[in-house]
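In what follows, a structure is listed as structure tokens, so that the remarks can point back to it.
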Amino acid sequence: KRKHWQEPFQLVAISEWLANGIRQSALFSNWPVTVIPNPVDTSLWKPLDRQLARQAFNLPVDKKIVLFGALGGTSNPRKGYAYLEKALAILAKDRNDVQLVVYGQSRPEHVPDSPFAITYVGKLNDPLTMCLLNNAADVFVNSAVQEAFGQTASEAQACGLPVVAFADTGIADIVEHKCTGYLASLADSEQLAKGVHWVLDCDLAGADIAGSTLRENSRNRALARFSYDVVGKQYKELYASVVAAGKA
């Protein structure tokens, strides 16, 4: 690559986390990089009636639903289910109103020990079904320790679902701390539990300290940052600037 890629060209990273990796790399450190996020179809991923969504998945209406999902479900170490498992054990010391819902895998033969009931909904390949599941939940936890962007998180926020995740990953571009969710220190289960607890308490109170609900904030952030119109405009402007500079 060093031999054949001697003249820099414009790069696009989907998150600041990824852009920082490019800036620190031996090959691309002096190349121009612009951060433009992955888009979300906000006309498809949108808020729906929570009670009807729970009925569709036969989920209890008297529990706070914590949603977790990844390709491979709980078995992919990069997705950090082990950190969530520890966080739930910590959370159980203060509350008993939680139920965990896992998508991305079917119910395993040996269900892991958990202080809360776990519902496995399997692999969901239909965006409409996934949107409905987001609307059934109270908080989405993406506990990945390596994540270039976190499309599941941006889709969740487009549905108005607050997200709890680790900072120092690509998801930090999606979640605005204590506005659309909570960012915990990387690989810190105690802070992850604190984040889930904080989001659930805000949801019970009905509004955050600014007077808007986390759900409203999440939806508005998705519209402002990840909609096709917004992301498309960024690519159009970048392309025009590259052409103008004679680097296309």
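The values are calculated or read from the model by the stated rules, or taken from the named source; none is laboratory data. Given the structure is predicted, the values throughout are model-derived calculations rather than measurements. Note that each Cβ is placed from the backbone with ideal geometry, even for glycine, and that neighbours are counted across all protein chains shown. For accessibility, only protein heavy atoms count, side chains too; no ligands or nucleic acids. Shrake-Rupley method; radii C 1.70, N 1.55, O 1.52, S 1.80 Å.
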Seminar exercise, completed: The residue that is least open to solvent (accessible area, probe 1.4 Å), considering only those in the stretch 147-201 that are over 15 Å from ASN217 (Cα atoms) and of a type in the set (D, E, K, R), is GLU147
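Each row is one residue, and each column tells you yes or no for (1) surrounded by 15 or more Cβ atoms within 10 Å (Cβ to Cβ); (2) touching an Asp or Glu at 6+ places or on another chain (Cβ under 9 Å); (3) part of a strand (DSSP E or B).
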position	(1), (2), (3)
LYS1	no, no, no
GLN6	no, no, no
PHE9	no, no, no
LEU18	yes, no, no
ALA26	no, no, no
ASN30	no, no, no
THR34	yes, no, yes
ASN38	yes, no, no
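Can we say ALA56 is in contact (Cβ under 8 Å) with a residue 12 or more places away in the chain, farther than 26 Å from SER241 by Cα and not polar (S, T, N, Q)? Spell out the reasoning first.
Numbers: in contact (Cβ under 8 Å) with a residue 12 or more places away in the chain: yes; farther than 26 Å from SER241 by Cα: yes; not polar (S, T, N, Q): yes.
Criteria met by ALA56.
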For this session: Any chance you could count how many residues in the stretch 116-140 are more than 16 Å from the chain's Cα centre (by Cα) and exposed (fewer than 15 other Cβ atoms within 10 Å of the Cβ)?
Result: 7
Exercise. Quick one: is LEU67 among the hydrophobic types (A, V, I, L, M, F, W, C), at pLDDT 95 or above, open to solvent by 50 Å² or more (accessible area, probe 1.4 Å) and under 22 Å from ALA222 (Cβ atoms)?
Worked result: no
For this session: Go through VAL139, VAL163, VAL196, VAL121 for me and flag whichever is of a type outside the set (S, T, N, Q), in contact with a Pro (Cβ under 8 Å, 6 or more places away or on another chain), under 25 Å from ASN58 (Cβ atoms) and in contact (Cβ under 8 Å) with a residue 12 or more places away in the chain.
Result: VAL139
Exercise. Tell me, which residue of the stretch 215-248 that is open to solvent by 40 Å² or more (accessible area, probe 1.4 Å) and assigned to a loop (DSSP other than H, G, I, E, B) is modelled with the lowest pLDDT?
Worked result: ALA248
Exercise. When the residues of the stretch 45-80 are filtered to those that are part of a helix (DSSP H, G or I) and of a type in the set (A, V, I, L, M, F, W, C), which remaining residue is nearest to ALA158 (Cα to Cα)?
Worked result: ALA53
For this session: Only residues in the stretch 71-88 that are open to solvent by less than 70 Å² (accessible area, probe 1.4 Å) count as the first member; pair them with residues that are modelled with pLDDT under 80, Cβ under 6 angstrom, at least 6 apart or cross-chain, and list the lot.
Result: ASN76/ALA70; LYS79/ALA70; TYR81/THR74
Exercise. Of all residues in the stretch 81-112 being touching a strand residue (DSSP E or B) at 6+ places or on another chain (Cβ under 7 Å) and part of a loop (DSSP other than H, G, I, E, B), which is modelled with the lowest pLDDT?
Worked result: VAL111
Exercise. Within the bounds of the stretch 90-104, is there any residue that is among the polar types (S, T, N, Q), buried (at least 18 other Cβ atoms within 10 Å of the Cβ) and farther than 20 Å from PRO162 by Cβ?
Worked result: no
